[in-house]
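Structure first, then comments.
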Amino acid sequence: MPAELARLAEDGARPPHEWLAEVRPRERAPDGRPFVYLNMVSSADGRATIGGRTEALGSEADTLLLTELRALADAVLIGTGTLRAEGYGHLMRNAERLERRRAAGLAPVPVAVLLTRSFDLPWDAGLFAAEGQPVHIYTQADGEPPDVAADVEATKCSEPFVAGALRDLRERGVRALLCEGGPTLNGALLAAGVVDELFLTVAPLLAGIADAPRIVEGEDLAAPIDMELVWTLRHEDELYLRYRIR
Ligand SMILES: NC(=O)c1ccc[n+]([C@@H]2O[C@H](COP(=O)([O-])OP(=O)(O)OC[C@H]3O[C@@H](n4cnc5c(N)ncnc54)[C@H](OP(=O)(O)O)[C@@H]3O)[C@@H](O)[C@H]2O)c1
């Protein structure tokens, strides 16, 4: 029988945190590493940046979804290229989300996690200027963090770098790790086989920029990675796809 196609029904709209209550990432942490969920936004022609940033891609609703994904996490992994481009700041300030985290037994603020083999970091980024924001750096290089307002700890980590850092995070009680990209870091995580879910926003625009990155960059993967579609949500013209990595 030929395949039949279903048109997505207009189901009742709910605020993102109500949909995300189903995700329960902390409960799904495997042995030896946290549950890792990736959040990315892409243009309809597959580009992950416009003018070197994400600002022109995602809508307000996309930002809200990202912030709610953060609210479920013990820690947030941020690529160092992304930190350089986006700057960042405090990861959690909203009183309602802080209260939800408290009720769920989470620390008030997720730890920002950085992986850098080189220890070449943008120390002037807003993340490091965020008073009291916990930041944990895993590095393969020698170096001491400068005196910044954020609460920075650095751990030296040898090969396998990604798996070793994730194991250490789990030992420190991190069960749910949101990765916010960028593309090169995503590629390294996927190659290491440590990504459980992908939340992908498809922005309703065509970037038309030939050399802008896609959501996964870096070295080729050994083979394509199959995914299972868990849900499709929509706000106006923007789509939010949730995939489980097989
Ligand atoms: N569309 C979206 O949703 C989205 C999301 C995030 C970012 N972005 C955009 O993506 C761009 C930044 O992405 P990017 O790909 O250049 O940088 P990135 O993925 O944020 O960070 C790359 C860096 O990660 C470090 N790294 C640590 N472990 C690694 C490993 N095992 N393999 C490879 N690298 C490792 C490397 O620095 P060391 O050499 O020091 O190890 C590398 O330079 C920005 O323009 C940002 O706006 C888009």
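The values are calculated or read from the model by the stated rules, or taken from the named source; none is laboratory data. Here the structure is a predicted model, which means the values were calculated and not measured. Here the Cβ positions follow ideal geometry from the backbone for every residue, glycine too, while neighbour counts run over all protein chains shown.
Matching residues to (1) farther than 17 Å from Ala104 by Cα; (2) of a type in the set (Lys, Arg); (3) crowded, with 20+ Cβ neighbours inside 10 Å:
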{"residue": "Ala9", "(1), (2), (3)": "yes, no, no"}
{"residue": "Arg28", "(1), (2), (3)": "no, yes, no"}
{"residue": "Gly51", "(1), (2), (3)": "yes, no, no"}
{"residue": "Thr54", "(1), (2), (3)": "yes, no, yes"}
{"residue": "Glu60", "(1), (2), (3)": "yes, no, no"}
_Return the pair list, or none, for Cβ contacts closer than 9 Å from residues in the stretch 142-153 that are farther than 14 Å from Pro122 by Cβ to residues that are of a type in the set (Lys, Arg) and surrounded by fewer than 16 Cβ atoms within 10 Å (Cβ to Cβ), at least 6 apart or on different chains._
Asp142/Lys156
*Looking at the stretch 182-213, which of the residues that are small (Gly, Ala, Ser) and more than 12 Å from the ligand (Cβ to nearest atom) is nearest to Gly32 (Cα to Cα)?*
Gly193
_Just to verify a result, which residue in the stretch 128-155, among those that are out of contact with any strand residue (DSSP E or B) (no Cβ under 6 Å at 6 or more places or on another chain) and not in a loop (DSSP other than H, G, I, E, B), is nearest to the ligand (Cβ to nearest atom)?_
Phe128
*Filter the stretch 90-126 down to residues that are more than 15 Å from the ligand (Cβ to nearest atom) and over 18 Å from Gly173 (Cα atoms), then give me how many there are.*
11
_Among (1) within 14 Å of Leu57 (Cα to Cα); (2) without any contact (Cβ under 8 Å) to a residue 12 or more places away in the chain, there is one condition Asp237 misses while meeting the rest; what is its number?_
(2)
*State the number of residues belonging to the stretch 42-78 that are under 21 Å from Gly193 (Cα atoms) and either of a type in the set (Asp, Glu) or assigned to a strand (DSSP E or B) (or both).*
4
*Restricting the stretch 208-217 to residues that are touching a residue at least 24 places away in the same chain (Cβ under 8 Å) and farther than 14 Å from Met40 by Cβ, the residue that is surrounded by the fewest Cβ atoms within 10 Å (Cβ to Cβ)*: Gly208
*asked:* One residue is enough: does the stretch 194-207 have a residue meeting the conditions under 18 Å from Met40 (Cβ atoms), polar (S, T, N, Q) and not in a helix (DSSP H, G or I)?
replied: yes
_Taking the condition of being near the ligand (Cβ under 9 Å from one of its atoms) and either among the hydroxyl-bearing types (Ser, Thr, Tyr) or in contact with a Phe, Trp or Tyr (Cβ under 9 Å, 6 or more places away or on another chain) (or both), how many residues in the stretch 63-82 meet it?_
4
*Please name all residue pairs, on different chains or six or more residues apart, with Cβ atoms under 9 Å, provided the first residue is in the stretch 116-128 and is over 15 Å from Glu86 (Cβ atoms) and of a type in the set (D, E, K, R) and the second residue is modelled with pLDDT of 95 or more and part of a loop (DSSP other than H, G, I, E, B).*
Arg117/Gln140; Arg117/Ala141; Asp120/Ala141
